[in-house]
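In what follows, a structure is listed as structure tokens, so that the remarks can point back to it.
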Amino acid sequence: MAINLKEMSARPELLVGGHRSCAGCAAPAILRQALHVAGPDTVVGFATGCMEVSTTIYPYTAWRVPYIHCAFENCAATVSGVEAAYRVLQRKGRIPADKKINFIAFGGDGASYDIGFQSLSGAMERGHRMLYVCYDNNAYMNTGTQRSSATPRGAMTNTSPNGSIISGKQQSRKDLTACVLAHNIPYVAQASVSNPIDFMRKVARALEIDGPSFINILQPCHRGWGCKPEDSIELARLAVETRWWPLYEVDHGRWKVNNKPKTVVPVVDWFRIQARFKHMVAGDRDGILAWHQEQVDKAWTELLEKEEKSQ
């Protein structure tokens, strides 16, 4: 779906300035871009996490749309309940039948991959007309950078340190996008904060769907990743160019790869500028760097095959 940037730029901001997110954090851009597409007739549910804490410090709020702070584990359930109430009120004539309201649930990877996964799965399976957006920064950043199931193998966190016994996180990261795809919902996509037009177009398409939709968007955290605050967007872009984080969408079973880098950047170039991987770059005793490159190459080949077969 095409989006009209000129029209959107004239719309009022629905996430105002003055919130307390970290300098260099790209998550507010994700929220602003999603709301520019969705507009004021939107109800937002937000799981506990960085953006909830920084945008709703009592008694202030940065939100200009109806907003519900949810617990870590129940954001998708809360928003699905609001959507169900909306349908009931329409049937009773208390909301006009032609009055469309968008329902968006936001959660970080801790609330989406881990603590709230059951809630997310249930909402997708039940078929509620709602969009779930996971902003994935690869760890529990709000509580001090603990590993989550989104944390890449080998990454250092406060609960997966590098030392003489282990070299960072030992397990592979979960592919949440694939998990949601297994629910056979109408629309699933991956996006990156480095590609805003692609992301906003995907939000627009998701909100058209008469049913559940899901977008997983990569959002670097300079505090947890160990990089410069001004490099957040560049890190997200490099994740796409290395194909570690491919941009694609699955619309009613049809796969489309949205970005096919002309020049493939080695994964190590992305790892090299993040302190969480410095031990691997300095001396990869467990061969994790080579493993990551193999996994990226394999996943990319499989992704292109899925796109070709679904046409």
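The values are calculated or read from the model by the stated rules, or taken from the named source; none is laboratory data. In this text the structure is predicted, and so the values were computed from the model without any measurement. No Cβ is skipped: glycine too gets one built from the backbone with ideal geometry, and neighbour counts run over all protein chains shown.
Only one entry of Ala123, Ala155 meets the criterion of being in contact with a Phe, Trp or Tyr (Cβ under 8 Å, 6 or more places away or on another chain), under 12 Å from Ser213 (Cβ atoms), touching a residue at least 40 places away in the same chain (Cβ under 8 Å) and surrounded by 24 or more Cβ atoms within 10 Å (Cβ to Cβ), and that entry is Ala123. Here Ala105 fulfils each of the conditions (1) surrounded by fewer than 24 Cβ atoms within 10 Å (Cβ to Cβ); (2) closer than 29 Å to Ala204 by Cβ; (3) among the aliphatic types (A, V, I, L, M); (4) out of contact with any Ser or Thr (no Cβ under 7 Å at 6 or more places or on another chain) apart from (1). When region 226-241 is filtered for residues that are surrounded by fewer than 22 Cβ atoms within 10 Å (Cβ to Cβ) and more than 16 Å from the chain's Cα centre (by Cα), the ones remaining, listed by number, are Gly226, Cys227, Lys228, Pro229, Glu230, Asp231, Glu234, Glu241. Filtering Val267, Val193 for residues that are under 24 Å from Met141 (Cβ atoms), among the aliphatic types (A, V, I, L, M) and over 20 Å from the mean Cα position of the chain (by Cα) leaves a single hit, Val267. Taking region 209-225 as the range and being in contact with a strand residue (DSSP E or B) (Cβ under 9 Å, 6 or more places away or on another chain) and either closer than 19 Å to His128 by Cα or modelled with pLDDT under 95 (or both) as the test, the residues that pass are Ile209, Gly211, Pro212, Ser213, Phe214, Ile215, Asn216. Being in contact with a Phe, Trp or Tyr (Cβ under 6 Å, 6 or more places away or on another chain), among the small types (Gly, Ala, Ser), at pLDDT 95 or above and part of a loop (DSSP other than H, G, I, E, B) is not true of Ser194. Screening Thr263 with (1) touching a residue at least 12 places away in the same chain (Cβ under 8 Å); (2) of a type in the set (Ser, Thr, Tyr); (3) in a helix (DSSP H, G or I) gives one miss only, at (3).
When Ala206 is tested against (1) part of a loop (DSSP other than H, G, I, E, B); (2) in contact with a strand residue (DSSP E or B) (Cβ under 7 Å, 6 or more places away or on another chain), just one condition goes unmet, and that condition is (1).
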